[in-house]
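First comes the structure, then the notes that go with it.
The values are calculated or read from the model by the stated rules, or taken from the named source; none is laboratory data. Here the structure is a predicted model, which is why all the values come from computation and not from measurement. In this analysis, Cβ positions are derived from the backbone assuming ideal geometry, glycine residues included, and neighbour counts consider all displayed protein chains.
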Ligand SMILES: *Cc1c(COP(=O)(O)O)cnc(C)c1O
């Protein structure tokens, strides 16, 4: 192949655009991408206050901010909740999630909710203990390893002993908990047994309330055996959002709300005993408008063909933003307060809607993907039902390309 033309020299000053200060750069990022998530911090704080109202002032609240606060932006959300006194503890799923909060200057107690790897697998224990991130322990090997890691470094780690009362995920059998608690208390000076916990897999579905009630009863009994073994009281917690909403017996010393703080009920059948406000809105703007004749096909695969003349609006959002491709030819968005259908396949970066024949639609018009516009609303729960999933997944999957704008409203 013949050599191509010489590389053009960069024009003077071109690279300077990338050298703008951090503040300006992030401002520019936001201003230059119209697909955005607006996080309503005030609503999230109000939802947590409603939890406090329901469970009473003497119980602690561990606010689950794992998975980037279910897609809402962990640092801003956690900071707002802690500053408002609406959360006492923060729950993360990984040590890096906890470190992100610590590096942002958040000094509230943090519990890593999932199982901890021993030092032969990775440095999780040492790093967590060094950042004062409390860890879940489930077995004797893990307890002894954590004791060694902390003793070598002169650290003390807070630990919560997890018992499996029916989740079938992590935790020791209730029968082993008293002995394990005794080992932590007596033989592990570098560990502080700060909690006893379990998790409820069906607290959101009332037709399985018997299972949940039995779990809670087993857990409460286990707690008293643990307390006998260590000779003092140990704070106990097991209530997720559904426990808070439907099972007062599960509240114990601390509750662990996640999804309800973000404004969704865990399941359509969960009792709505607390009124919730939406944690986020997902918005964009029309990027292109065209009139098409009957018979015109739209998007990959030509799965939709205009049955009549109509106006098609293109939106700069797609599965690369976490907008599910299964909403192709089935989802809706709010355009000028009207519910309009997605037509054709959702692409990686764009999708098309049928704005209708009579529509007056212009480039730049606001579109709501999740949230409210006038009297119409598409909630994370609505979208979850449409997709055959749960609201948790809907907000978690909004990708990092979409800027989160945190507003106190
Ligand atoms: C995520 C999580 C919660 C919060 O659950 P929600 O259903 O979102 O309220 C509570 N406890 C544990 C252990 C968790 O991992």
Exercise. Which pairs have Cβ atoms under 7 Å, sit 6 or more apart or on different chains, and link a residue in the stretch 385-399 that is surrounded by 19 or more Cβ atoms within 10 Å (Cβ to Cβ) to one that is at pLDDT 95 or above and in a loop (DSSP other than H, G, I, E, B)?
Worked result: 391/264; 395/72; 398/322
Exercise. Mind checking which residues of the stretch 58-89 are within 19 Å of residue 196 (Cβ to Cβ) and in contact with a helix residue (DSSP H, G or I) (Cβ under 7 Å, 6 or more places away or on another chain)?
Worked result: 61
Exercise. From the set of residues in the stretch 65-77 that are within 15 Å of the ligand (Cβ to nearest atom) and surrounded by fewer than 24 Cβ atoms within 10 Å (Cβ to Cβ), which is farthest from the chain's Cα centre (by Cα)?
Worked result: 74
Exercise. Looking at (1) within 19 Å of residue 115 (Cβ to Cβ); (2) within 13 Å of the ligand (Cβ to nearest atom); (3) surrounded by 17 or more Cβ atoms within 10 Å (Cβ to Cβ), which is the one condition that is false for residue 202?
Worked result: (1)
For this session: Quick one: in the stretch 151-199, of everything that is within 28 Å of the chain's Cα centre (by Cα) and more than 16 Å from the ligand (Cβ to nearest atom), which residue is surrounded by the fewest Cβ atoms within 10 Å (Cβ to Cβ)?
Result: 193
Exercise. Is it the case that some residue within the stretch 208-227 is within 23 Å of residue 137 (Cα to Cα), in contact with a strand residue (DSSP E or B) (Cβ under 7 Å, 6 or more places away or on another chain), within 10 Å of the ligand (Cβ to nearest atom) and touching a residue at least 60 places away in the same chain (Cβ under 8 Å)?
Worked result: no
Exercise. Can you pull out the residues in the stretch 43-60 that are touching a strand residue (DSSP E or B) at 6+ places or on another chain (Cβ under 8 Å) and surrounded by fewer than 23 Cβ atoms within 10 Å (Cβ to Cβ)?
Worked result: 48, 52, 55, 59, 60
Exercise. Which of the strands (runs of 3 or more DSSP E) contained wholly in the stretch 249-325 include at least 2 residues that are away from the ligand (no atom under 16 Å from the Cβ), surrounded by 17 or more Cβ atoms within 10 Å (Cβ to Cβ) and without any contact (Cβ under 8 Å) to a residue 60 or more places away in the chain?
Worked result: 310-315
Problem set entry | Complete set of residues in the stretch 109-121 that are within 16 Å of the ligand (Cβ to nearest atom) and either part of a loop (DSSP other than H, G, I, E, B) or over 21 Å from residue 142 (Cα atoms) (or both) | 109, 113, 114, 115, 116
Problem set entry | Members of the stretch 350-376 found to be farther than 18 Å from residue 315 by Cα and either crowded, with 18+ Cβ neighbours inside 10 Å or without any contact (Cβ under 8 Å) to a residue 12 or more places away in the chain (or both), listed by number | 358
For this session: Count, please, the residues in the stretch 58-75 that happen to be outside any helix (DSSP H, G or I) and closer than 14 Å to residue 400 by Cβ.
Result: 2
For this session: Please determine, by comparing only the residues of the stretch 228-248 that are part of a loop (DSSP other than H, G, I, E, B) and touching a strand residue (DSSP E or B) at 6+ places or on another chain (Cβ under 6 Å), which one is farthest from the ligand (Cβ to nearest atom).
Result: 234
Problem set entry | Test result for residue 233, within 30 Å of residue 198 (Cβ to Cβ) and surrounded by 22 or more Cβ atoms within 10 Å (Cβ to Cβ) | no
